[in-house]
Amino acid sequence: MGRLRQISKRVAQAIPVVVGVVIISFVLTRALPGDPAVYFAGATADEKSIAEVRANLGLDKPLPTQFLYYVRDLATGDLGRSLSTGQPVTEDLARRLPASLELTLCALLLSCLVAIPLGVLAATRPNSWVDHLCRVLVTTGVSMPTFFTGILLIYVFYYLLGLAPSPLGRLDFIYIDPPSVTGFFLIDSILAGDWETFLGALKQLVLPAVTLALFTLAPIARMTRAAMLSALSSDFIRTARAAGLTWRTILFGYALRNAMLPVITTLGMVFSFTLGANVLVEKVFAWPGIGSYAVEALVASDYAAVQGFVLAMALLFVALNLVIDILYTLIDPRIGFAD
Amino acid sequence: MSNILSRRSLLKAGAGAGVTASMLPFLRAIPASAAGNDVLVAVTGYTVNSLDIHRTGTNRPSYQIAVNCYDRLVSFGIKETEEGLSYDYETINPDIAESWTVSEDGKVYTFKIRQDAVFSDGRPVTSKDVKWSFDRAVTVGGFPTSQMAAGGFKRPDQFEAPDDYTFVITLDEASKLALPDLAVPIPMIMNSELAKEHATADDPWALEYTHKNTIGSGPFTVARWDQGQQLVYQRNDKWTSGPLPEIQRLIMREVPSPATRRALIERGDVQISFDIPNKDAAELDANPDVDVFSNPIENAIYVVGLNYAFEPFQDSNVRKAVAFAIPYEEIFQTAAYGRGKPLWGGKAGVTSTEWPQPSPYYTDLDVAKDFLAQSGYKDGFEVPLSIDIDQTSWMEPTALLVAENLGKLGIKVTINKIPGANWRTASLVEKRLPMHLETFGGWLNYPDYYFYWCYLDGHLFNSSNYKSEVIEELVPVTLPLPVDDPAWAPNVKKMIETAFEDIPRIPLFQPAVNVATHGAEGYVYWFHRQLEGKTLKKS
């Protein structure tokens, strides 16, 4: 019960943040120097047609009035319509956010599966070949820009070897999207019991996920290694060894568990910047994600889309922070919500 | 949304109506190679944002729906050129109209509508639909309305439908632009009955409905549109305005990265890569499996604009000095990879009305220095050269090369990059960029039409604030004249001469639109620079 109340308190604390985000995103988009009316009036627009477009978009009204309209629409769950995609922003986000989340989560899962064991191994055998391998892998992963890794992987696995499917986004054109439940194609296709589409979606996912995983490998592996090193050299491990516990119990039962806290923190950070920063991967693999959506909206001064994106991201991060806090308490009972 | 296929309706259709496999939009899992001879896949880097060209905010790539899913009264013919097939501006063919007559004074056009033409839902096309569609185009405002105005179509009262198969247009004054302006994407004919069913008090022209549905009589309908991912055209078997397309389906996939598009076309997993970068076009030429078409875009020129609002450029010697200092050949090779047509080093004296035609300027720094020495700025000056971030692929190398050569004259050039959303405001609306790169391409392929937009004082693409008495006087009288009028050719030559002498816009080259095909044929270059599916087939 206590925990539930704490959680709702944390959610309540997020409300001023969200209100702030709404105001700031509105003001900032209006402060952008671009003029969407001119941009969208077309090639041969004259003053008159630009004015018509401006009136159509409601941009001829004073800013406070525009803000009131925006808040009123927001209250009914209407984020407005994106000019550059021509769709309601809520629809765009509902389609693109799952695409980005699916890619990012798969990449992070892959990354963790490699980075955490690698970090643990490197920490238990400092300066051995595993440690050096870890260092080399991590350095290469982080020093190669993602679009380069992406194009390289496409060149080798698609163009030269023909192993990977055509890099055409989430599904090749011969498949139909699975009926949307979660928006995650892998999950939706399982729910629909359609294994062919599942395999199709999985195949499309492999290369972009590996690209992103290579990039996110470094912080996770390095953090695991460092946290493990400090955990292994601490007093309670020495005591556990002296008490004659098995190496396995010590390593996974005590050291790793204690080392997980900083790793989870890093994971949260990596997740948030990957979600926003995988624009280049999205472009290379024609992935219809949220990053490229936001960048294109920004370039075109597409107010509704930019505001919707910022708001969605703010909500997502509030949720993410909450999840991480809960994870802390699961891993380390000493940490509670109570202050 | 009834036109958008869902998996459910599809399976139902497949089970119930006994359609053949080739008619099924998608099989659940078949390899691409087995997709059959009637499906073509094309990739582009652009995104479609509406199915209706009349809507506010519809972007350029979306014009393809207007040409693939709708018919017009008339259409342009197709001709063979050195670069493959191209539309033919000289030939205007019947489309929905079977014939037309023009009154003696050239003001009244009477069209006879074909009686066998039907919309994709089976309803016959009548002149009432034409009237409704034209009224819509001149009323909705924005780009459609200004494009209609270019042909002299300004008000609904100019259009009449005396009976179901006769349509009459009355112009305020005769103009050679009227008929070709009926063949551009804007005056498309929509199913007015269907549209009216979806019209509301707030939206009398049903723009919301046509934004997501196609209601035309054209060779294709949009079977599926996943914004940001793909657009699927399905052949309209009821199409009557031409021979039925050989392909059942054309799938347009959006792939933003040019490198990925190149891998796809080289592997042959897609048959068409539309609008590829010049660099890829130059390199793909070497691949024997891939055909590359590079058609110079008609009536389009990449120029360096010298703004008269900036004092040094009011001096004609300074403008000529700049025009002689530009390294044309290097720019053409670096920025365009030799794709398109050079527009420099022409003969002195204008002898033809061909447009674009090479200017008499060429690269000669000594001549440039002489001109600068005669000007009031012999010690040079400083000037920002502005470019659009959205068009850096050609603008950036061009700007760097121009800056380098002008530096040799003592003109210190700094490069100023402007984000896409501001570019039009700064360059065209406010016209405040002292020196800039600019491009205009006219759909109506007449030199006087180009001059109308780019050289008349205050007109949108006259980003140089140029004003010449000769041009102010000539353009308005020449624009409506038919090209066989005895005054037309001399007037046009005089305009070109004046533009080259005053040189407010320095022509660099005529850009090309590049398309690569691998296993497809029948590609036709169109002035609207969109992919038309009706002529395409697998090879």
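The values are calculated or read from the model by the stated rules, or taken from the named source; none is laboratory data. Since the structure is predicted, the reported quantities are computational estimates derived from the model, not experimental observations. Note that we place each Cβ from the backbone using ideal geometry, even for glycine, and neighbour counts take in every protein chain shown.
Of the strands (runs of 3 or more DSSP E) contained entirely in region B:36-99, those carrying at least 1 residues that are out of contact with any Gly (no Cβ under 6 Å at 6 or more places or on another chain) and within 14 Å of chain A (Cβ to nearest Cβ) fall at B:39-44. Scanning region B:481-530 for residues that are among the charged types (D, E, K, R), out of contact with any Ser or Thr (no Cβ under 7 Å at 6 or more places or on another chain) and either buried (at least 22 other Cβ atoms within 10 Å of the Cβ) or closer than 30 Å to B:Asn68 by Cβ (or both) returns a single hit, B:Arg529.
The lone criterion from (1) within 11 Å of chain B (Cβ to nearest Cβ); (2) part of a helix (DSSP H, G or I); (3) under 22 Å from A:Glu282 (Cβ atoms) left unmet by A:Glu196 is number (3). Screening B:Val304 against (1) within 14 Å of another protein chain (Cβ to nearest Cβ); (2) modelled with pLDDT of 95 or more leaves a single unmet condition, (1). Taking the residues in region B:406-426 that are in contact (Cβ under 8 Å) with a residue 60 or more places away in the chain and crowded, with 21+ Cβ neighbours inside 10 Å as candidates, determine which candidate is nearest to B:Pro384 (Cα to Cα). Looking at residues that are in contact (Cβ under 8 Å) with a residue 60 or more places away in the chain and crowded, with 21+ Cβ neighbours inside 10 Å, I get B:Ile411.
The sole residue among A:Ala123, A:Ala99 that is farther than 24 Å from A:Val284 by Cα and crowded, with 22+ Cβ neighbours inside 10 Å is A:Ala123. If you go through region A:51-67 and keep only what is within 14 Å of chain B (Cβ to nearest Cβ) and either closer than 17 Å to A:Phe26 by Cβ or charged (D, E, K, R) (or both), you end up with A:Glu52, A:Arg54, A:Leu57, A:Gly58, A:Leu59, A:Asp60.
From the residues in region A:253-289 that are outside any loop (DSSP other than H, G, I, E, B) and within 11 Å of another protein chain (Cβ to nearest Cβ), which one is farthest from the chain's Cα centre (by Cα)?
Filtering region A:253-289 for residues that are outside any loop (DSSP other than H, G, I, E, B) and within 11 Å of another protein chain (Cβ to nearest Cβ), the one farthest from the chain's Cα centre (by Cα) comes out as A:Val284.
The residues on offer are B:Ala195, B:Ala183, and the sole one that is assigned to a loop (DSSP other than H, G, I, E, B), modelled with pLDDT of 95 or more and away from chain A (no Cβ under 13 Å) is B:Ala183. Right, B:Ile326: touching a strand residue (DSSP E or B) at 6+ places or on another chain (Cβ under 7 Å) and either free of Cβ contacts under 8 Å to residues at least 40 places away in the same chain or in the same structural domain as B:His528 (by TED's automatic domain parsing) (or both) or not? Here the answer is no, as B:Ile326 does not meet what is asked.
The lone criterion from (1) more than 16 Å from B:Lys320 (Cβ to Cβ); (2) in contact with a Lys or Arg (Cβ under 9 Å, 6 or more places away or on another chain) left unmet by B:Gly380 is number (1).
Would you mind stating whether A:Val156 is assigned to a helix (DSSP H, G or I), modelled with pLDDT of 85 or more and away from chain B (no Cβ under 14 Å)? When the stated conditions are applied, A:Val156 does not pass them.
Take the conditions farther than 15 Å from B:Tyr70 by Cα, in a loop (DSSP other than H, G, I, E, B) and within 14 Å of another protein chain (Cβ to nearest Cβ) and apply them to B:Lys154. Does it pass? For B:Lys154, the condition - farther than 15 Å from B:Tyr70 by Cα, in a loop (DSSP other than H, G, I, E, B) and within 14 Å of another protein chain (Cβ to nearest Cβ) - is met.
Residue count for region B:218-238 under the criterion of being of a type outside the set (S, T, N, Q), surrounded by fewer than 23 Cβ atoms within 10 Å (Cβ to Cβ) and under 15 Å from B:Thr535 (Cα atoms): the result is 2.
Which one is farthest from the chain's Cα centre (by Cα) among residues in region A:216-233 that are surrounded by fewer than 22 Cβ atoms within 10 Å (Cβ to Cβ) and not aliphatic (A, V, I, L, M)? Out of the qualifying residues, it is A:Ser233. Note on region B:287-344: residues that are touching a Lys or Arg at 6+ places or on another chain (Cβ under 8 Å) and among the hydroxyl-bearing types (Ser, Thr, Tyr) total 3. The condition of being of a type in the set (A, V, I, L, M, F, W, C) and closer than 26 Å to A:Val53 by Cβ holds for only one of B:Leu51, B:Leu73, that being B:Leu51. I'd like to check something: does region B:250-268 contain any residue that is without any contact (Cβ under 8 Å) to a residue 12 or more places away in the chain, in the same structural domain as B:Leu51 (by TED's automatic domain parsing), surrounded by fewer than 22 Cβ atoms within 10 Å (Cβ to Cβ) and closer than 28 Å to B:Trp132 by Cβ? Checking region B:250-268: not a single residue is without any contact (Cβ under 8 Å) to a residue 12 or more places away in the chain, in the same structural domain as B:Leu51 (by TED's automatic domain parsing), surrounded by fewer than 22 Cβ atoms within 10 Å (Cβ to Cβ) and closer than 28 Å to B:Trp132 by Cβ.
Applying the selection to region B:287-340, what residues are assigned to a helix (DSSP H, G or I) and among the aliphatic types (A, V, I, L, M)? If the condition is that a residue be assigned to a helix (DSSP H, G or I) and among the aliphatic types (A, V, I, L, M), then B:Val318, B:Ala321, B:Val322, B:Ala323, B:Ala325, B:Ile331, B:Ala335, B:Ala336 are the ones that fit.
Among the residues of region B:427-447, is there at least one that is of a type in the set (Ser, Thr, Tyr), surrounded by fewer than 22 Cβ atoms within 10 Å (Cβ to Cβ), within 29 Å of B:Ser86 (Cβ to Cβ) and at pLDDT below 95? Yes, region B:427-447 contains a residue that is of a type in the set (Ser, Thr, Tyr), surrounded by fewer than 22 Cβ atoms within 10 Å (Cβ to Cβ), within 29 Å of B:Ser86 (Cβ to Cβ) and at pLDDT below 95.
Scanning region A:241-261 for residues that are in contact with a Ser or Thr (Cβ under 6 Å, 6 or more places away or on another chain) and either surrounded by 24 or more Cβ atoms within 10 Å (Cβ to Cβ) or of a type outside the set (Ser, Thr, Tyr) (or both) turns up nothing.
Residue count for region B:84-106 under the criterion of being touching a Ser or Thr at 6+ places or on another chain (Cβ under 6 Å) and either surrounded by 15 or more Cβ atoms within 10 Å (Cβ to Cβ) or acidic (Asp, Glu) (or both): the result is 1.
Only a single criterion out of (1) surrounded by 22 or more Cβ atoms within 10 Å (Cβ to Cβ); (2) closer than 30 Å to A:Gly58 by Cβ is not satisfied by A:Leu267, namely (2).
Filtering region B:100-130 to residues that are of a type in the set (A, V, I, L, M, F, W, C), within 15 Å of B:Ala161 (Cα to Cα) and assigned to a strand (DSSP E or B) leaves B:Trp100, B:Val108, B:Phe111, B:Ile113. Please count how many residues of region A:86-97 are more than 22 Å from A:Pro178 (Cβ to Cβ) and touching a residue at least 12 places away in the same chain (Cβ under 8 Å). Here the count works out to 1. May I ask you to verify whether B:Val515 is in a helix (DSSP H, G or I) and among the β-branched types (Val, Ile, Thr)? No. Scanning region B:129-138 for residues that are free of Cβ contacts under 8 Å to residues at least 24 places away in the same chain and acidic (Asp, Glu) turns up nothing. Under 6 Å between Cβ atoms, which residue pairs at least 6 apart in sequence (or on different chains) link something in region A:165-186 that is within 17 Å of B:Gly228 (Cα to Cα) and within 11 Å of chain B (Cβ to nearest Cβ) with a partner that is of a type in the set (Lys, Arg) and not in a loop (DSSP other than H, G, I, E, B)? Pairs found: A:Leu168/B:Arg253; A:Ile176/B:Arg7.
With respect to being modelled with pLDDT of 90 or more, surrounded by 14 or more Cβ atoms within 10 Å (Cβ to Cβ) and either farther than 22 Å from A:Leu261 by Cβ or within 12 Å of another protein chain (Cβ to nearest Cβ) (or both), A:Val114 falls outside the description.
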